[in-house]
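Peer 1: Can you keep this structure in mind? I'll have questions shortly.
Since every read-out is calculated from the coordinates, none of them should be taken as a lab result. What you see is a predicted model, and the numbers here were worked out from it, not measured in a lab. Note that we place each Cβ from the backbone using ideal geometry, even for glycine, and neighbour counts take in every protein chain shown.
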Amino acid sequence: MDIRDTAAVVTGGGSGIGRAMAEALAARGGCVVVADLDAAGGQAVADAILGSGGRAVFHRCDVRHTEDVANAIAAAVEHYGRLDIVCNNAGVGGEDLFGDDDAGWKRTVDINFTAMIEGTRIAVREMRRRGTPGVVVNTASMGGLVPMPGSPVYAATKAGIIHFTRSLAGLAEECGVRVNAICPTYTDTPLVRDVEGDRIEELKAQVGGILAPEDVAAGLIELIEDDTRAGAVMRVTVRGGRDFAR
Ligand SMILES: NC(=O)c1ccc[n+]([C@@H]2O[C@H](COP(=O)([O-])OP(=O)(O)OC[C@H]3O[C@@H](n4cnc5c(N)ncnc54)[C@H](O)[C@@H]3O)[C@@H](O)[C@H]2O)c1
């Protein structure tokens, strides 16, 4: 897909990887709905894109609510008259599974798994209804491909999203919507700094360093532009660059 003049929705677009994705799409001439729970962060990203001559609008959205997700996707049509790309990217870091917070792991599941299914479902339904080709990219993680002893629920949500995405490969032939996933290793964002804190140096040594959010955004652009990719699971790592998991 040629990104110029497309309309895209990026959830979690107000920070980190989502911010880099929104900026990369806008830099290629795409129109972006920056959807985020954090109004200050999301508005700042939309303003920065507008300030550099791009097209973007902020839309407040809590991906845990179906109506919010549907409204964020509808905002692309309202503002730009079309819907081409949906990046289900909003996510939260690891949980304290055996701690006192009984609800923490469920929040991880709600945001990292259930909301990505919901975002995919609503996007595909709308693209199908419009009869136009589309691309959905779900932000998974290398933690969905290899075990994460410190964050088992996080790892499970990401593994689930990978399998969900692979299972939708046939939609490309059926209705022209390609659903792909992207799996970064540790990336320099507030999420990883909050969750890993002092462990970050140790983790960097394990995986060979830390990615920049722009490295992940470059993977997103490749997944959108390569029309052969459907149900694909792209890995983005410091050691291996970009490649695809089988
Ligand atoms: N940073 C990493 O090392 C890393 C590695 C692999 C995968 N990921 C994944 O990348 C995605 C983005 O993470 P990031 O590192 O950029 O984190 P981040 O904290 O920088 O950004 C996450 C964004 O999601 C938003 N968000 C959180 N809950 C939301 C909700 N309920 N509704 C709407 N927006 C919500 C936050 O406000 C924030 O703007 C996540 O899915 C994460 O699991 C991150």
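Peer 1: Restricting to bridges with both residues inside the stretch 43-202, how much of the DSSP beta-bridge set is antiparallel, in percent to the nearest 5? Don't skip to the end; give the middle numbers.
Peer 2: Values: 0 of 10 bridges.
Expressed as a percentage, antiparallel bridges in the stretch 43-202 total about 0.
Peer 1: What does the helix-only formula give at 222 nm for the chain: each DSSP H stretch with n ≥ 4 adding -39500 (n - 2.57), the total divided by the residues, and the result rounded to the nearest 500 deg cm²/dmol?
Peer 2: Numbers: 10 runs with 111 residues, N = 246.
Dividing the helical sum by the residues of the chain leaves -13500 deg cm²/dmol.
Peer 1: To make sure I understand, if each residue's beta carbon is the centre and we count other beta carbons within 10 Å, what order do 127, 148 fall in, fewest to most? Before the final figure, lay out the partial values.
Peer 2: Working: 127 23, 148 17.
In order of increasing Cβ crowding within 10 Å: 148, 127.
Peer 1: Could you work out how far helix 213-225 tilts from the main Cα principal axis of the chain, as a 0 to 90 degree angle to the nearest 10?
Peer 2: The answer is roughly 40 degrees.
Peer 1: What percent do you get for the relative contact order of the chain when only Cα pairs under 8 Å and 6+ apart count? The partial results should precede the final answer.
Peer 2: Details: 541 pairs, mean separation 45.4, N = 246.
Across the chain, relative contact order equals 18 percent.
Peer 1: Now for a separate question. Can you give me the C-alpha center-to-center distance between the stretch 58-87 and the stretch 153-170, rounded to a whole angstrom?
Peer 2: 22
Peer 1: Students often check this: by mean Cβ neighbours within 10 Å, which of 57-67, 34-44, 191-201 ranks highest, and how do the rest follow?
Peer 2: Numbers: 57-67: 18.9, 34-44: 21.5, 191-201: 13.5.
Going by the mean number of other Cβ atoms within 10 Å, highest first, we get 34-44, 57-67, 191-201.
Peer 1: If you don't mind, there's one more thing I want to ask. Placing +1 at every Lys and Arg Cβ and -1 at every Asp and Glu Cβ, with all other atoms neutral, what dipole size does the stretch 89-198 have around its Cα centre, in debye to the nearest 20? If you can, show how the numbers build up before the last one.
Peer 2: Details: 11 positive and 14 negative charges, 172 e Å.
Magnitude of the dipole: close to 820 debye.
Peer 1: Could you work out the percent of alpha carbon pairs in the chain separated by over 34 Å, rounded to a whole number? The partial results should precede the final answer.
Peer 2: Numbers: 2791 of 30135 pairs.
Of the Cα pairs, 9 percent sit more than 34 Å apart.
Peer 1: Then there is this: Order these peptides, 72-84, 91-103, by their mean beta-carbon neighbour count within 10 angstrom, highest first. If you can, show how the numbers build up before the last one.
Peer 2: Working: 72-84: 18.8, 91-103: 13.7.
By packing density, highest mean first, the sequence is 72-84, 91-103.
Peer 1: Just how large is the dipole of the stretch 98-151 about the Cα centre, in debye to the nearest 20, putting +1 at every Lys and Arg Cβ and -1 at every Asp and Glu Cβ?
Peer 2: On the way: 7 positive and 6 negative charges, 112 e Å.
It comes to approximately 540 debye.
Peer 1: Placing +1 at every Lys and Arg Cβ and -1 at every Asp and Glu Cβ, with all other atoms neutral, what dipole size does the stretch 7-232 have around its Cα centre, in debye to the nearest 20? Let's see the in-between values first.
Peer 2: Values: 20 positive and 31 negative charges, 166 e Å.
So the dipole magnitude of the stretch 7-232 works out to roughly 800 debye.
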